[in-house]
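The structure appears below as structure tokens.
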Amino acid sequence: MSDTAAAAAALLDRIQAPEGQGREIPDAATRETIGRAPVQTVTDLDDAIARAKAAQPAWEALGHEERSALLLAAADAIDAHAEPLAWILSREQGKPLNGPNARFELGACSAWLRTNATTVLEPEVLVDDADLHAELVYKAAGVVGAIGPWNWPLMITIWQIGPSLRMGNTVVAKPSEYTPLSVLAMLAVMNDVLPADVLIGVSGDREVGARLASHPDIDKIMFTGSTATGRRIIESSAGNLARLTLELGGNDAGIVLPGTDPAAIAQDLFWGAFINTGQTCAAMKRLYVHDSIYDQVVDAVAEIAASTPMGNGLDEENVLGPLQNKAQFDIVSRLVEDARRRGARIVTGGEPAPELGELFYRPTIVADIEDGAPLVDEEQFGPVLPVIRYTDVDDAFARANGLDAGLGASVWSSDPEAAREAATRMQSGTVWINSHGGLHPMVPFGGVKSSGYGLEFGVAGLKSVSVTQVVSGPGRRG
Ligand code: NAD
């Protein structure tokens, strides 16, 4: 066993269920069992929320400076265990160690946590005159419930818990039932340096998620996942009035404007769509290309897709991996088969890669396909990009905006000024120019339309895990 494998096994032993208990979690690439997820119940969850509630006042009372120091120590602890955590993540989620994948995700975790730890949210002076001094003060909301998906399980958990802890909330985090081990292992490492009960992981199924969202002692829910589950969480919040940040599904469009050099953008187009083997909320999921350069763009991206190494994530040469689970594999297969039946052109890929393993699907570019095809209109969340031809720029924007999703979008052009002018026509929470999907811990991120509401990251992200209080008193006259 390599040193990394041994360190990963030791981490797993700290968090997994005893032999013969729990739920077996498969390696996404080989389908071998890698560990046993604890299956916690609604009663365990209630106990966790009670402990988090009891711990919250003292955590908030520590003050920003001390919390900041502890969160920086937690970021150091993640860095110190980055390699075994990346190893567990790679096996459980499927993403390769190399490329913009598992090691990259661990790097993002500590980077985001450090930014959370050091970002300041000052009171805002609203009125300061002779008669009135009024300030808006941001305080902890209380106990935050963090509910995460399986695609970027560690990074998204940090996005939810970092700002929450920073503001003085305590957190109960429920990882996806597909990827609990990597998340619980990261929380264990963080808890080596954090006070007891400020950050509690509860590994359970959808029932536990539903109870977390509806629990009367939960003050805020940070949710990332599908739009369908997001709607259920909104319904629950009618009961406990929990504030919500909902990062939901996307179906991001990219538009390549006429006159753009295909060779200059092909690599970035590819990774904008295929990062994490396409299993990324804000990946490009449909690409509109002007007729004058359509064939060149399709061929250039297809060439990259066909030659990018896919396989077991522990092999350093691979940068694309399997679908994480069978349900997602079936969605991808169904959408591509439907496109083929409709007469769309499969330029490369278009089929599973069984020689690599059960859940591998070849990187696929589908051309000569129209809006209305499910592969264009539904979120494929896998290694497939439909490329749609357009002749009229206004029509391309109308089609890009024609769906009820609005997470990210991108505009591509050799003339950045033209792209910037066109960009705000996109109906999306973020629009990128000549790239797709890049995030920064100080730049707010969030969706519009059915992609959710609320902002994460930066100062706006701290505000969204706070409650406000207006402090109003006499002005300068006294
Ligand atoms: P999902 O909605 O199936 O599950 C997400 C989490 O919700 C899981 O932990 C699950 O156990 C829990 N859950 C299930 N039912 C619940 C309920 N009734 N109440 C509370 N929690 C419940 O989503 P998924 O399949 O894990 O993730 C994929 C989806 O997430 C895609 O649509 C993707 O676009 C989206 N996503 C969005 C972002 C973003 O930032 N907007 C990021 C990543 C993924």
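The values are calculated or read from the model by the stated rules, or taken from the named source; none is laboratory data. Source: prediction; values computed, not measured. Here the Cβ is made from the backbone with ideal geometry for all residues, glycine too, and neighbour counts use every protein chain on show. In case anyone asks, the SASA skips ligands and DNA or RNA and just uses the protein heavy atoms, side chains included. Shrake-Rupley method; radii C 1.70, N 1.55, O 1.52, S 1.80 Å.
With an 8 Å cut-off on Cα pairs and a minimum separation of 6 or more residues, tell me the relative contact order of the chain in percent.
Details: 1143 pairs, mean separation 90.3, N = 478.
Relative contact order comes out at 19 percent.
Would you grab the residues whose amide H sits under 5 Å from the one on E177? Only those 5+ places off in sequence or on another chain, please, with H modelled 1.01 Å from N.
Close amide H contacts, sequence-distant or interchain: none at all.
Lys pairs in the chain, Cα-Cα under 13 Å, at least 8 apart or on separate chains: how many?
Working: K53/K220; K139/K220; K139/K463; K220/K463.
Summing the qualifying lysine pairs gives 4.
Subtracting the Cα-Cα distance from 0.36 nm times the residue separation, let me have the gained length for K326 to A188 in nm, one decimal.
Details: separation 138, 0.36 × 138 = 49.68 nm, distance 2.85 nm.
Length gained, K326 through A188: 46.8 nm.
Taking a virtual spin label 7 Å from the Cα of S226 along the C-beta vector, which residues in segment 412-452 bring their backbone nitrogen under 20 Å of it?
447-452
Based on DSSP H assignment, which helices of the chain show an axial Cα extent of at least 18 Å together with a mean Kyte-Doolittle hydropathy greater than or equal to -1.0?
Working: long enough: 3-15 (19 Å, 0.82); 42-61 (29 Å, -0.20); 64-80 (24 Å, 0.25); 102-118 (25 Å, 0.04); 153-166 (20 Å, 0.64); 227-240 (20 Å, -0.51); 294-307 (20 Å, 0.59); 326-341 (22 Å, -0.57).
Within the chain the helices that satisfy the rule are 3-15, 42-61, 64-80, 102-118, 153-166, 227-240, 294-307, 326-341.
What GluC sites (Glu not before Pro) in segment 4-70 are in a loop by DSSP, with at most 12 other Cβ atoms within 10 Å of the Cβ? Please list the in-between numbers first.
Values: sites: E19, E24, E32, E60, E65, E66; in loops: E19, E32.
Those that pass, being in a loop and sparsely packed, are E19, E32.
Please turn the phi angles of segment 216-221 into ³J(HN,Hα) values with the Karplus equation 6.51 cos²θ - 1.76 cosθ + 1.60 (θ = phi - 60°), one per residue in order, whole Hz, x for glycine and proline.
Running phi through 6.51 cos²θ - 1.76 cosθ + 1.60 with θ = phi - 60° gives x, 9, 9, 9, 8, 10 Hz.
Once you have the Kirkwood Rh of segment 126-236 from its Cα pairs, apply Stokes-Einstein at 37 °C and 0.692 mPa s and quote D in µm²/s. Don't skip to the end; give the middle numbers.
Working: Rh = 15.0 Å.
Reported coefficient: 219 µm²/s.
Expressed in nm², what is the orientationally averaged projection area of the convex hull enclosing the Cα positions of segment 330-371?
On the way: hull surface 11.8 nm².
Dividing the Cα hull surface by four gives the mean projection, 3.0 nm².
Can you give the charge dipole size of the chain about its Cα centre, rounded to the nearest 20 debye, using +1 on the beta carbon of Lys and Arg and -1 on the beta carbon of Asp and Glu?
Working: 37 positive and 62 negative charges, 186 e Å.
Charge dipole, the chain, about its Cα centre: 900 debye, nearest 20.
Could you list the GluC sites (Glu not before Pro) in segment 249-323 that lie in coil according to DSSP, counting only those with at most 14 other Cβ atoms within 10 Å of their Cβ?
On the way: sites: E303, E316, E317; in loops: E316, E317.
Here the sparse-neighbourhood loop sites are E316, E317.
Do you know the relative contact order of segment 308-379, to the nearest whole percent, from alpha carbon pairs under 8 angstrom that are 6+ apart?
Details: 104 pairs, mean separation 19.7, N = 72.
Reported as a whole number, the value is 27 percent.
State in Å² the accessible area per residue of the chain; use a 1.4 Å probe, count heavy atoms of protein chains only, and round to the nearest integer. It would help to have the intermediate numbers written out before the result.
Values: 18130 Å² over 478 residues.
About 38 Å² of surface per residue is accessible.
Normalise the Debye intensity by I(0) for segment 19-74, one equal point scatterer per Cα, no solvent, then take log10 at q = 0.25, 0.26 Å⁻¹ and round to two decimals.
Log10 of I(q)/I(0), two decimals: -0.92, -0.96.
On a 1.4 Å probe surface of the protein chains, which of R91, R425 comes out largest in accessible area, and what is the full order?
On the way: R91 40, R425 105 Å².
Highest to lowest solvent-accessible surface, that is R425, R91.
Working with all protein chains in place, sort R476, R399, R231 by solvent-accessible area computed with a 1.4 Å probe, largest first.
Values: R476 170, R399 50, R231 140 Å².
Listed by decreasing accessible area, they come as R476, R231, R399.
In units of 2.2 N^0.38 Å, what is the alpha-carbon radius of gyration of the chain? Mind showing how you got there, number by number?
Working: Rg = 23.0 Å, N = 478, 2.2 N^0.38 = 22.9 Å.
This ratio for the chain stands at 1.00.
Express the relative contact order of segment 255-368 as a whole percentage, based on alpha carbon pairs under 8 Å and six or more residues apart in sequence.
Values: 153 pairs, mean separation 26.0, N = 114.
Value for segment 255-368: 23 percent.
Carbon-plus-sulfur fraction of the accessible area of segment 359-457, 1.4 Å probe, in percent? Provide the component values of the computation, followed by the final result.
Numbers: 1930 of 3680 Å².
The nonpolar share, carbon plus sulfur, comes to 53 percent.
Mind ranking R286, R243, R211, R341 by accessible surface for me, highest first, 1.4 Å probe? Please list the in-between numbers first.
On the way: R286 5, R243 130, R211 75, R341 180 Å².
The most accessible residue leads, giving R341, R243, R211, R286.
Given a 1.4 Å probe and the protein chains all in place, what does the accessible area of T119 round to, in Å² to the nearest 10?
T119 has an accessible surface of roughly 10 Å² with all protein chains in place.
If the label point is 7 Å along Cα→Cβ of I433, which residues in segment 280-319 have backbone nitrogen under 16 Å from it?
none
Per residue of segment 349-366, what does 6.51 cos²θ - 1.76 cosθ + 1.60 with θ = phi - 60° give for ³J(HN,Hα)? Whole Hz please, x for Gly and Pro, Karplus curve as stated.
Once θ is set to phi - 60°, the couplings for segment 349-366 become x, x, 7, x, 10, x, 5, 8, x, 4, 10, 8, 10, 4, x, 10, 10, 10 Hz.
5 Å is the cut-off here: which amide hydrogens, built 1.01 Å from N in the peptide plane, fall below it relative to A405, excluding neighbours closer than 5 in sequence?
S450
When the accessible area of segment 223-311 is split by element with a 1.4 Å probe, what percent falls to carbon and sulfur? Intermediate values should be presented prior to the final figure.
Working: 1580 of 2960 Å².
Answer for segment 223-311: carbon and sulfur cover 53 percent of the accessible area.
Tell me, what % of the accessible area of segment 1-106 is carbon and sulfur with a 1.4 angstrom probe?
On the way: 2550 of 4800 Å².
Within segment 1-106, the accessible surface is 53 percent carbon and sulfur.
Would you check the accessible area of D404, probe 1.4 Å, heavy atoms only, in square angstrom rounded to 10?
Number for this one is 100 Å².
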